[in-house]
Amino acid sequence: MENTKIRQCSDITNPAGICITDFTVNELNSEISFDFQRNSIKPLQPLNATQVDNKGNLNVSSIVFIDNSVTIKKKNTHIKQYLSYDNNGDPFLNFYIIYDSKPKKKQKFKAYQFNFTTVWGENGYTPNPIHSNPNPPTLNDINFINTFLMDLDPELSRGTVTTVKTTGGN
């Protein structure tokens, strides 16, 4: 994580969070379609896998499905990370995989894989004014993440919850 670079997400202001710039995106040789006309213009939920490595980094791999008429490259996508707390005061991370396309009802989707490592420590801590503990949580305090695929239109996002386990866990 010491090599992770942080930059401002130039033209993307929503949602709140820290921009992760050290990620890869690969178009997978896969497409899905539906035998019916979808009535929704919302993106499909991501499929995730996470693991804490031996260096204490949280690695995330997310498979997303995006309208097959849109071409996704690293230069036209962003990933943001935001630390949140649940009603019990337990911390969790939100990740937003952000792209931009014209909203329309989609029937065919291309698969893309995003791989990234969370930003942690002082660079990854976003103080939460509602939470009373001023100290940032450790990565060991994170039990789950939320990952959202987000078209820039704020009404168009879908998410999924993924449990976080350490390398020694089952």
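The values are calculated or read from the model by the stated rules, or taken from the named source; none is laboratory data. Note that the structure is a prediction, hence the values are computed from the model and not measured. Note that each Cβ is placed from the backbone with ideal geometry, even for glycine, and that neighbours are counted across all protein chains shown. Ligands, DNA and RNA are excluded from the accessible area calculation, which covers all protein heavy atoms including side chains. Shrake-Rupley method; radii C 1.70, N 1.55, O 1.52, S 1.80 Å.
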Please enumerate the residues belonging to segment 63-94 that are open to solvent by 30 Å² or more (accessible area, probe 1.4 Å) and touching a His at 6+ places or on another chain (Cβ under 9 Å). 85
Could you tell me which residue of segment 116-145 is modelled with the lowest pLDDT, considering only residues that are open to solvent by 20 Å² or more (accessible area, probe 1.4 Å) and either in contact with a Lys or Arg (Cβ under 6 Å, 6 or more places away or on another chain) or part of a strand (DSSP E or B) (or both)? 144
Just to be sure I understand, how many residues within segment 100-115 are open to solvent by less than 10 Å² (accessible area, probe 1.4 Å) and part of a strand (DSSP E or B)? 4
What pairs come out if I take residues in segment 38-62 that are in contact (Cβ under 8 Å) with a residue 60 or more places away in the chain and hydroxyl-bearing (Ser, Thr, Tyr) and pair them with residues that are assigned to a loop (DSSP other than H, G, I, E, B) and surrounded by fewer than 16 Cβ atoms within 10 Å (Cβ to Cβ) whose C-beta lies under 8 Å away, six or more apart or interchain? 40/105; 50/165
Looking at segment 25-57 only, could you name the residues that are surrounded by 13 or more Cβ atoms within 10 Å (Cβ to Cβ), modelled with pLDDT under 90 and part of a strand (DSSP E or B)? 51, 52
Report yes if residue 148 is at pLDDT 65 or above, part of a strand (DSSP E or B) and under 17 Å from residue 18 (Cα atoms), otherwise no. yes
